[in-house]
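All of the numbers you see were taken from the coordinates with simple rules; none came from a lab. None of these values were measured; they are calculated from a predicted model. We place every Cβ from the backbone using ideal geometry, glycine too, and count neighbours over all the protein chains shown.
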Amino acid sequence: MSDESRIVPREQLPSNGLHPLPMPVINLGHLTLEPAIRARVVRDIAKACQDLGNFQVINHGVSQSVMDGAVEAASDFFKLPSEIKEEFASEDIRQPVRYHTSSKDGISLSRALLKLYAHPLSDWMQYWPEKPPIYRDCMGNFAVEVRRVALQLMGAILEGLGLGKDYEHDKFEEGLQLLSVNRYPKESEGDSTIGLAAHSDYGFLTILLASSQGLEVVDRNSDSWKVVPQLPHALHVHVGDPMEVLSNGKIKTVVHRAVLNPKEARVSIASIHGFALDEKVSSAKELVNEQNPEKYNESSFSDFLDHLTSNMDKKPRNFLESLRK
Ligand SMILES: O=C(O)CCC(=O)C(=O)O
Ligand SMILES: [Fe+2]
């Protein structure tokens, strides 16, 4: 996603697309069971975050009808005549609702994007599209439900880091949620086989719902691209730059991209979760010591947007790298 991500020169990596990534699948329902079971799930999530940076969740509490409704609303929006969609176009990357199809951001090679601020919903929904008529309800229901999953996961990850599930509780509760609603053409109709080039996200967590396969991630073990399998009823989760900062490098951000699907146009909804616009993220003091000195300077989402704006005309610099001490 253009505004919440950084560009990484990963194009040189071999594409190993035929080999799907072995994907941990976490049963989130087990998080609310007895302490011993919860502790095991927390360990599995912590391991997935540290080893791979991504995993999938099932039994997450977002109903299939809510997921289908969000995908339908997204698809129907992108089918609207251009002049209706273009009403949401803006050069200002701070706009809470923004539509674009150009490759000005350097990473949208063959995609249309509608970016929406989503939390608190009552502040932002009034700016969302009113067409198609199901849009606000369907996307709003998904936003609320997926945010609950994100907060639950964040608690488990913080617990897994040894910080306790309520670490910085208020900052997560009051944090931003952004939806990147993406539409990619069928492969034969795209300008390039890549829809969205390599990047990492500017949120602690991204939860992704997609209508079909197309997401690829860099597998750290083989340093090659791997296809993310599309599992029924599952949501895909990956960590972003602020998680690397908060964990002082214990958890690494995930470089990913979207390739065009050969069989059909594809819609994806990435829900991105961070602190409030001006709230700084720094490495947890509990994870900093003589052996592990603080690796990053603190920054806010607002700093990231400033960074994007000031690098817009040049090849964008990697934001996370710019924070490294
Ligand atoms: O469409 C996808 O699979 C990925 C989308 C994504 O990475 C994003 O919106 O940041
Ligand atoms: Fe992304």
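Could you give the radius of gyration (one decimal) and Dmax (whole number) of the Cα atoms in the range 10-323, in Å?
Looking at the range 10-323, its Cα Rg and Dmax stand at 18.6, 59 Å.
I need the semi-axes of the equivalent ellipsoid of the range 129-207: take the C-alpha gyration tensor, multiply each eigenvalue by 5, square-root it, list largest first in whole angstrom.
For the range 129-207, the semi-axes come out at 31, 20, 9 Å.
Among Glu290, Glu86, Glu298, which one moves the most in a GNM of the chain with springs linking Cα atoms closer than 10 Å?
Glu290
Which FRET efficiency value, to the nearest 0.05, do you get for His30 and Asn292 by plugging their Cβ-Cβ distance into 1/(1 + (r/R0)^6) with R0 = 35 Å?
Efficiency, rounded to the nearest 0.05: 0.70.
Would you work out the relative contact order for the range 80-214, in percent, from Cα pairs under 8 angstrom that are 6 or more residues apart?
Reported relative contact order: 30 percent.
At a Förster distance of 22 Å, what's the computed FRET efficiency of Ile58 paired with Glu189, Cβ-Cβ distance as r, to 0.05?
Approximately 0.10, to the nearest 0.05.
Label-point separation (nm) for Glu72 and Ile84, each offset 7 Å from Cα along Cα-to-Cβ?
1.6 nm
Do me a favour and compute the ellipsoid semi-axes for the range 169-266 from its Cα gyration tensor, root of five times each eigenvalue, largest one first, whole Å.
The answer is 26, 16, 12 Å, longest axis first.
Run a plain Debye calculation on the range 182-231 (Cα atoms as equal point scatterers, no solvent) and give log10 I(q)/I(0) at q = 0.20, 0.22 Å⁻¹, rounded to two decimals, same order as the q list.
-0.90, -1.06
Compute the Cα gyration tensor for the range 84-157, then decide on rounded, prolate or oblate, letting a ≥ b ≥ c be the square roots of its eigenvalues: rounded whenever a/c is under 1.5, prolate when a/b is larger than b/c in the other cases, and oblate in all that remain.
Oblate shape, in that a/c is at least 1.5 and b/c is the bigger or equal ratio.
Quick one: Kirkwood hydrodynamic radius for the range 33-128, alpha-carbon pairs, angstrom, one decimal?
Evaluated over the range 33-128, this radius sits at 16.9 Å.
Would you calculate a helix-derived [θ] at 222 nm for the chain, using -39,500 (n - 2.57) for each DSSP H run of n ≥ 4 and dividing by the full residue count, to the nearest 500?
Result for the chain: -8500 deg cm²/dmol, rounded to the nearest 500.
Please report, in debye to the nearest 20, how large the charge dipole of the chain is about its Cα centre when each Lys and Arg carries +1 at its beta carbon and each Asp and Glu carries -1 there.
In debye, rounded to 20, the chain gives about 760.
Return one number: the angle in degrees, 0 to 90 and rounded to the nearest 10, between the long axis of the Cα atoms of helix 301-310 and the longest principal axis of the Cα atoms of the chain.
Taking the Cα atoms of the chain, the angle to 301-310 is about 50 degrees.
Please rank Tyr167, Tyr184, fewest neighbouring Cβ atoms within 10 Å first, as an exposure proxy.
By the 10 Å Cβ count, ascending, the order reads Tyr167, Tyr184.
What's the local net charge at Phe78, with K and R +1, D and E -1, over the other residues with C-beta under 15 Å away?
That works out to +2.
Take Leu231, project a point 7 Å from its Cα along the Cβ direction, then tell me which residues of the range 40-78 have their backbone nitrogen under 15 Å from it.
Correct set: 41-42, 44-49, 52-62.
Report the relative contact order of the chain, percent, no decimals, based on alpha-carbon pairs under 8 angstrom and at least 6 residues apart.
Relative contact order for the chain comes out at 24 percent.
Antiparallel as a % of all DSSP beta bridges within the chain, to the nearest 5?
Roughly 90 percent of the DSSP beta bridges within the chain come out antiparallel.
Pairing the Cα long axis of helix 35-51 with the longest principal axis of the chain, what angle in degrees results, from 0 to 90 and rounded to the nearest 10?
70 degrees
Note the angle between two axes, namely the Cα long axis of helix 64-78 and the longest principal axis of the Cα atoms of the chain, as a number of degrees from 0 to 90, rounded to the nearest 10.
Between helix and principal axis, roughly 40 degrees.
Of all the Cα-Cα pairs you can form in the range 216-293, what percent are over 18 Å apart?
Tail fraction, whole percent: 57.
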